[in-house]
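This report concerns only the one structure given below.
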Amino acid sequence: MSAPLVAIDADVLGRQRTGDETYVRSLLRELAAASPSDLRLAAITRRPDLIPAGIEPVELPARSQVMRMAVSVPRLLRRLRPALAHFVHALPLRCPCPAVVTIQDLSFERDPSVMGTRDRLIFRAAVPRAARRAARVLAISELTKRDLVELYGIPEQKITVTPLAADPAFRPEGPSPDGEPYALFVGALQPRKEATTAIEALALIGEGAPRLVLVGPDKGGRAEAEEKAARLGVAVELRGHIPQDELASLYRGAACLVFPSRYEGFGLPLLEAMASGTPVVASAAGALPEIAGEAAILVEPGNPVALAGGIERAIADHERLRAAGLARASAYSWTETARRTLEVYRELLA
Amino acid sequence: MKTAAVVIWTPGDPDPGPCLDSLAPQVDELVLTVNPGGSPASRGAEVIANERTLGFGANINRGVAATSAPYVIASNSDIEVTPEAIAELVSFADAHPLCGIAAPQLRYPDGRWQPSRRSFPTIRGTLIRRTPLRRVLHPEQRQREHYLLDDQPDEPALSDWFLGAFLLLRRGMLEELGGLDEGYHLYGEDIDLAYRARQAGWERWYVPAAVVVHHHQAVTDRRFLTRRTLWHWRSIARFVRKHPESLRAL
């Protein structure tokens with residue numbers, strides 16, 4: 001008898017969906033590297049060219065996400081007959097086999113400003129349904145696990161925490177930009193990420209403040225950030241979405257990462273900066289205290305005075321934070337996350 | 001204007017006179033907060049009379065708001081400072097801009113050394129220390145670790161937190177952190193403040209060159225189930241709800 005087949009939904013690949021895409025790409029890479037002999041792995045994707053060797057690509061073109069989850073994925077699963085299927089956020093309308101679902105965060109429950117009304121309604125219907133119907137839920141942080149227990153009443157023993165990790169591309173050695181010191185902000189420009197608080201904090205530092213480099217796609221907050229920077233006279237540079245090697249170089253050269261977000265299910269930029277040897281100033285919100293441990297400076301969310309003080313202390317305490325951050329980042333690895341994920345597959349197939 | 005001191009007095013506390021007299025020559029602003037039910041001699045200190053009984057955190061926050069010096073001392077009324085104690089703390093804090101909280105060496109009135117440095121609480125340690133379990137589970141050894149009894153540094157030392165009897169607080173830090181959390185009742189504000197200070201990158205230093213006499217009454221230690229024990233447990237619950245990630249370290 002051949003090894004049981006596990007089908008992984010990898011539709012996000014190649015679609016510039018920052019967090020989800022990093023998760024699926026890194027997980028597939030490490031699952032392929034682990035090359036389990038007792039399982040066959042297949043990835044459902046619209047971009048078979050992005051699937052690493054060792055995982056069987058199954059092409060499924062899609063135009064509408066709703067039609068895909070309602071009709072084409074169930075049909076594909078009926079033909080493929082996997083022993084187990086693994087999805088991100090939501091399950092298809094019908095699933096002929098036990099399913100695993102990865103849930104990044106429940107920010108759409110905790111903070112309505114995270115997404116538009118339509119998306120929010122879809123998530124509020126699909127995510128709790130997926131969490132209840134799945135045989136196992138993978139949460140990316142202890143916070144997401146607690147939220148799943150508290151908000152949806154999912155039994156704790158059904159949830160396994162498989163954290164994210166910094167990509168190996170983020171490391172202290174390598175090129176970095178020359179020139180004036182700068183503080184780095186990484187994240188989509190949207191209210192939840194509080195780019196304006198970062199700008200206000202630099203304005204409060206005033207004389208001698210580093211300039212602010214912002215990396216991340218515009219999700220409706222760019223105009224406000226530009227307007228605030230112009231009004232307060234803060235030097236900012238908006239870089240938009242950039243390739244990973246360019247981002248890695250920016251991390252290495254930064255005086256500190258400024259991450260004032262109101263809510264995060266994980267906060268991957270924290271680990272990316274730490275892995276690059278860069279001090280981190282973040283808000284004590286969502287999963288950030290859990291991920292940062294003692295290796296970052298954590299300040300009150302939404303308070304530019306606190307953030308300004310935190311930036312000054314991060315720069316003053318560079319050496320300690322650099323050492324603590326490198327140690328912290330190395331505690332998280334995709335290899336370990338893939339190992340735990342495989343363990344879950346095996347438990348469910350046993 | 002360098003240093004302000006806020007002394008808290010609640011009915012049942014000893015006369016704050018000796019405390020205020022010892023502080024007055026060493027500080028620029030002196031405030032006495034008084035909970036209702038008594039009117040102690042103020043010895044020239046500015047009096048803030050609370051209309052209802054307020055906890056440690058709320059009293060300190062009121063005192064901080066009523067003063068403007070860059071350093072604020074939070075003091076119980078059963079304290080007497082020795083000459084130069086405050087100058088020692090202030091010059092240390094001046095030399096260490098990351099120092100947000102500085103605590104002196106505490107001594108009993110008879111001159112014995114009083115342990116005042118603490119490690120952040122752990123669930124196991126607290127369960128044992130605060131329940132009858134402490135009678136059976138080698139309490140001395142655990143107490144020694146929690147109270148850092150084996151470590152009596154004579155040089156300044158970094159610490160997790162201190163007994164809240166007498167602390168020098170940097171006003172800039174208090175402004176950043178939004179002051180003390182007034183939701184605690186009698187226990188826990190000092191741990192919470194030190195924990196949030198640590199998260200925000202502020203250092204907490206024990207400065208043994210500054211010596212302060214503490215007429216300490218260890219109330220919790222005598223009985224297991226009193227109103228104070230209940231407050232203590234409520235404080236622990238609040239701390240864990242506020243900082244769930246601290247559980248990982250516990």
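Here are some notes:
- Flag if A:Ala62 is over 19 Å from A:Arg132 (Cβ atoms) and either part of a strand (DSSP E or B) or out of contact with any Ser or Thr (no Cβ under 8 Å at 6 or more places or on another chain) (or both): no
- Residues satisfying the stated conditions in segment A:34-57, i.e. touching a residue at least 24 places away in the same chain (Cβ under 8 Å) and under 23 Å from A:Arg15 (Cα atoms): A:Leu41, A:Ala42, A:Ala43, A:Ile44, A:Thr45, A:Arg46, A:Arg47, A:Leu50, A:Ile51, A:Pro52, A:Ile55
- The residues in segment B:175-202 that are at the interface with chain A (Cβ under 9 Å from one of its Cβ atoms) and outside any helix (DSSP H, G or I) can be counted, and the count is 4.
- Assessment of segment A:100-113 against the conditions (surrounded by fewer than 20 Cβ atoms within 10 Å (Cβ to Cβ), assigned by TED's automatic domain parsing to the domain that holds A:Tyr23, without any contact (Cβ under 8 Å) to a residue 12 or more places away in the chain and more than 24 Å from A:Ile44 (Cα to Cα)) yields at least one matching residue.
- Any hit, segment A:215-226, residues being surrounded by fewer than 21 Cβ atoms within 10 Å (Cβ to Cβ), part of a helix (DSSP H, G or I) and touching a helix residue (DSSP H, G or I) at 6+ places or on another chain (Cβ under 9 Å): yes
- All strands (runs of 3 or more DSSP E) inside segment B:25-81 with 3 or more residues being more than 14 Å from the chain's Cα centre (by Cα): B:29-34, B:46-49
- Among residues of segment B:25-78, those that are of a type in the set (A, V, I, L, M, F, W, C) and on the phi > 0 side of the Ramachandran plot, counted: 0
- Scan segment B:16-49 for residues that are of a type in the set (Ser, Thr, Tyr) and within 19 Å of B:Glu84 (Cβ to Cβ) and the total you get is 1.
- Set side by side, the residues A:Ile242, A:Ile154 differ, and just one is farther than 28 Å from A:Ala130 by Cβ and in a loop (DSSP other than H, G, I, E, B), which is A:Ile242.
- Those residues of segment B:212-247 which are modelled with pLDDT under 60 and over 30 Å from B:Leu89 (Cβ atoms), in sequence order: B:Arg222, B:Arg223, B:Phe224, B:Leu225
- Any chance A:Ala209 is touching a residue at least 12 places away in the same chain (Cβ under 8 Å), in a loop (DSSP other than H, G, I, E, B), assigned by TED's automatic domain parsing to the domain that holds A:Ala235 and over 18 Å from A:Arg239 (Cα atoms): yes
Conditions (1) modelled with pLDDT of 95 or more; (2) under 22 Å from A:Val213 (Cα atoms); (3) crowded, with 22+ Cβ neighbours inside 10 Å, marked per residue:
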| residue | (1), (2), (3) |
| --- | --- |
| A:Val258 | yes, yes, yes |
| A:Val280 | yes, yes, yes |
| A:Ala316 | no, yes, no |
| A:Glu343 | yes, no, no |
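- Selection of segment A:157-192 for residues being within 14 Å of another protein chain (Cβ to nearest Cβ) and part of a loop (DSSP other than H, G, I, E, B) yields only A:Pro163.
- Residues of segment A:102-150 classified as touching a strand residue (DSSP E or B) at 6+ places or on another chain (Cβ under 9 Å), among the hydrophobic types (A, V, I, L, M, F, W, C) and either part of a helix (DSSP H, G or I) or at pLDDT below 90 (or both), total: 5
- Of the strands (runs of 3 or more DSSP E) entirely within segment A:256-350, none holds at least 2 residues that are among the small types (Gly, Ala, Ser) and either away from chain B (no Cβ under 14 Å) or over 21 Å from A:Lys193 (Cβ atoms) (or both).
- Residue under evaluation A:Pro163, criteria (1) touching a Phe, Trp or Tyr at 6+ places or on another chain (Cβ under 6 Å); (2) over 23 Å from A:Trp334 (Cβ atoms); (3) crowded, with 17+ Cβ neighbours inside 10 Å, criterion not met: (2)
- Hey, B:Glu84 touching a residue at least 60 places away in the same chain (Cβ under 8 Å) and over 30 Å from A:Ile297 (Cβ atoms) or not: yes
- In segment A:58-66, the count of residues that are in contact (Cβ under 8 Å) with a residue 24 or more places away in the chain and in contact with a strand residue (DSSP E or B) (Cβ under 8 Å, 6 or more places away or on another chain) is one or more.
- Filter result for A:Leu143 (within 14 Å of chain B (Cβ to nearest Cβ) and farther than 22 Å from A:Pro289 by Cβ): no
The values are calculated or read from the model by the stated rules, or taken from the named source; none is laboratory data. Because the structure is predicted, anything quoted here is derived from the model rather than measured. Positions of Cβ are generated from backbone atoms using ideal geometry, with glycine treated the same way; all protein chains shown enter the neighbour counts.
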